[in-house]
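To start, the structure itself, in structure tokens.
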Amino acid sequence: MGIGELQTIATVSAFVAFVGVAWWAYSPKNKKRFEEDAQLALDDEDIKSLSEEQRNKDK
């Protein structure tokens, strides 16, 4: 097995991994989760409630 064949295998493997990650990221079943996660940084109330829950949980 020469270096050219190893490079081909590595390229194809990287492409398959890229397609898998892209499919997962744009999958319709993940859309709601990603939209909620995107809004988390902008929603101060959720952050405050989470910190209060964490404080109560630690006690």
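The values are calculated or read from the model by the stated rules, or taken from the named source; none is laboratory data. Just so you know, these numbers come straight off a predicted model, no measurement behind them. Positions of Cβ are generated from backbone atoms using ideal geometry, with glycine treated the same way; all protein chains shown enter the neighbour counts. These area figures cover heavy atoms from the full protein model, side chains too; ligands, DNA and RNA do not enter into them. Shrake-Rupley method; radii C 1.70, N 1.55, O 1.52, S 1.80 Å.
Return the sequence-ordered ³J(HN,Hα) values of the stretch 12-27 in whole Hz as given by the Karplus equation 6.51 cos²θ - 1.76 cosθ + 1.60 applied to θ = phi - 60°, using x for Gly and Pro.
5, 5, 5, 5, 4, 5, 4, 4, x, 5, 5, 4, 5, 5, 9, 5
Compare SER13, SER27 by solvent-accessible area with a 1.4 Å probe and give them largest first, with all protein chains kept in place. Walk me through the intermediate numbers first.
Values: SER13 65, SER27 15 Å².
If we order SER13, SER27 from most to least accessible, we get SER13, SER27.
Sticking with the crude label model, points 7 Å out along Cα→Cβ, report the distance from LEU42 to TRP24 in nm, one decimal please.
So the label points at LEU42 and TRP24 sit 2.6 nm apart.
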